[in-house]
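Engineer: Take this structure, written in structure tokens, and hold onto it; I'll ask about it next.
The values are calculated or read from the model by the stated rules, or taken from the named source; none is laboratory data. Because the structure is a prediction, the values reported are computed rather than measured. Positions of Cβ are generated from backbone atoms using ideal geometry, with glycine treated the same way; all protein chains shown enter the neighbour counts.
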Amino acid sequence: MSADRVTLDTNILFYAADTDAGERHERAQEIVRQAALEQDCFLSLQTLGELFASVTRKGKMEVGEAREAVTDYLELFPVIAAGPDTLRKAVGAVEQHSLSFWDAMQWAVARQAGARLLLSEDLQHGRELEGVHFRDPFRVDDPFAAPE
């Protein structure tokens, strides 16, 4: 059974682009494929901005190739941007839950958009915060399974 709405963190998209990442590359590509075809998945604007910055900075893609990748994701998934209330919620999560600021922004956008599941290698696997479950998709067989 699938979680309701889900979102992917930048690291999933980065590994999907990083052909040097071996098994993580293959797994990330499968996760993105499943997210696009089988899930109610959206991406945050932050995720796409971070993807562009990281793949170009780390030499995984040239600027034009990264632009094309971001454009493809814009067409493949709905994209949600943070607003002022999202920023307030993220700042509160930093203070109350000890999240890093950018992780808190990812969580706040996920919460704002009604996601029940945030797939990320960087967040505390298995943690739930105000209805959003954090899951490391590289640690489980079915990353999209409904949270318990």
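Engineer: Among R67, R57, R24, which is surrounded by fewer than 20 Cβ atoms within 10 Å (Cβ to Cβ), closer than 21 Å to V140 by Cβ and among the basic types (K, R)?
Structural biologist: R24
Engineer: What single numbered condition from (1) under 22 Å from F144 (Cβ atoms); (2) at pLDDT 95 or above fails to hold for M1?
Structural biologist: (2)
Engineer: So, one more: If you go through the stretch 75-94 one residue at a time, do you hit one that is of a type in the set (S, T, Y) and closer than 22 Å to R5 by Cα?
Structural biologist: Looking through the stretch 75-94, at least one residue is of a type in the set (S, T, Y) and closer than 22 Å to R5 by Cα.
Engineer: Here is a check on your reading of the model: is T47 at pLDDT 95 or above, assigned to a helix (DSSP H, G or I) and either surrounded by fewer than 20 Cβ atoms within 10 Å (Cβ to Cβ) or not hydroxyl-bearing (S, T, Y) (or both)?
Structural biologist: Against the criterion (at pLDDT 95 or above, assigned to a helix (DSSP H, G or I) and either surrounded by fewer than 20 Cβ atoms within 10 Å (Cβ to Cβ) or not hydroxyl-bearing (S, T, Y) (or both)), T47 does not qualify.
Engineer: Testing L8 on (1) closer than 20 Å to D122 by Cα; (2) in contact (Cβ under 8 Å) with a residue 40 or more places away in the chain; (3) surrounded by fewer than 15 Cβ atoms within 10 Å (Cβ to Cβ); (4) not polar (S, T, N, Q), one condition comes back false. Which one is that?
Structural biologist: Condition (3) is where L8 drops out.
Engineer: Have a look at F52, F77 and point out the one that is touching a residue at least 12 places away in the same chain (Cβ under 8 Å), farther than 23 Å from D20 by Cβ, surrounded by 13 or more Cβ atoms within 10 Å (Cβ to Cβ) and aromatic (F, W, Y).
Structural biologist: F77
Engineer: Name, by its number, the condition in (1) surrounded by fewer than 21 Cβ atoms within 10 Å (Cβ to Cβ); (2) in contact with a helix residue (DSSP H, G or I) (Cβ under 8 Å, 6 or more places away or on another chain); (3) of a type in the set (A, V, I, L, M) that does not hold for A113.
Structural biologist: Condition not satisfied by A113: (2).
Engineer: Sort out which residues of the stretch 54-83 are assigned to a helix (DSSP H, G or I), hydrophobic (A, V, I, L, M, F, W, C) and out of contact with any Leu (no Cβ under 8 Å at 6 or more places or on another chain), and write them in order of number.
Structural biologist: Selection gives V55, V63, L76.
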